[in-house]
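Structure record follows, encoded as structure tokens.
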Amino acid sequence: MSAETPVQSSGYFTRTRLRFRDWRGNRPFWAGLFTLIGGVPIAYFPYATLKLGSMSLAMATTAGAGSLIIGVLLFTLGLTMWFQQATRVFAGVAAIVLGLVSLVVSNIGGFILGFLFSLIGGALSVSWVPADASADGAKTRRSRKHGPAGGTHEGTAPADSDAAGTTDAGAPEPGEQLTESAGADNGSGNGGGYRAD
């Protein structure tokens with residue numbers, strides 16, 4: 001029996017749910033969803049007509065075309081976040097800018113709802129990083145700190161070095177000959193240029 005057997009033997013709903021979970025985990029799903037939701041009130045409210053009995057209340061403004069364009073662009077940016085993850089930073093910044101512009105153009109940003117949703121979606125998109133890229137970044141930081149073989153990388157000081165700049169590995173063992181310090185070449189240093197720790 002393989003590890004895939006429980007998934008294959010499960011029902012259609014379970015397989016679909018697991019596939020959707022894998023798909024959602026590889027992209028800024030929530031960023032795209034919030035941006036899509038943010039575009040709806042921005043595009044809808046300027047063209048909405050509410051019925052109160054026999055009286056109709058229209059909220060159309062002179063900037064209705066601008067509101068429609070902003071709403072459609074936010075909807076497009078939400079889909080871009082889902083299907084083109086490489087452009088997620090651009091899409092996030094554009095969603096934030098369009099959300100800010102909607103405050104002026106579209107009924108206070110779709111009555112603040114569209115503005116908030118597009119702002120949150122844009123921020124989530126800018127800050128989202130793929131799981132493998134974040135793992136690679138952690139490995140890179142770890143290798144810079146410890147070097148490839150677990151030792152300290154050249155250019156970084158080891159944690160257990162003393163104030164004089166020597167390490168435990170460079171300290172003379174009992175019975176070993178003392179080494180000449182760097183100050184002996186120019187005549188400065190401790191008395192004859194030798195130092196014992």
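Taking the condition modelled with pLDDT of 90 or more and either open to solvent by less than 70 Å² (accessible area, probe 1.4 Å) or over 25 Å from the mean Cα position of the chain (by Cα) (or both), does Val97 pass?
When the stated conditions are applied, Val97 does not pass them.
Answer yes or no: is there a residue in region 70-79 that is among the polar types (S, T, N, Q) and either buried (at least 24 other Cβ atoms within 10 Å of the Cβ) or under 19 Å from the mean Cα position of the chain (by Cα) (or both).
Within region 70-79, not a single residue is among the polar types (S, T, N, Q) and either buried (at least 24 other Cβ atoms within 10 Å of the Cβ) or under 19 Å from the mean Cα position of the chain (by Cα) (or both).
The values are calculated or read from the model by the stated rules, or taken from the named source; none is laboratory data. Predicted model only: the values in this text are computed from it and were never measured. Cβ coordinates were reconstructed from backbone atoms using ideal geometry, including for glycine residues, and neighbour counts include every protein chain displayed. Surface accessibility is based on the protein's heavy atoms, side chains included, excluding ligands, DNA and RNA. Shrake-Rupley method; radii C 1.70, N 1.55, O 1.52, S 1.80 Å.
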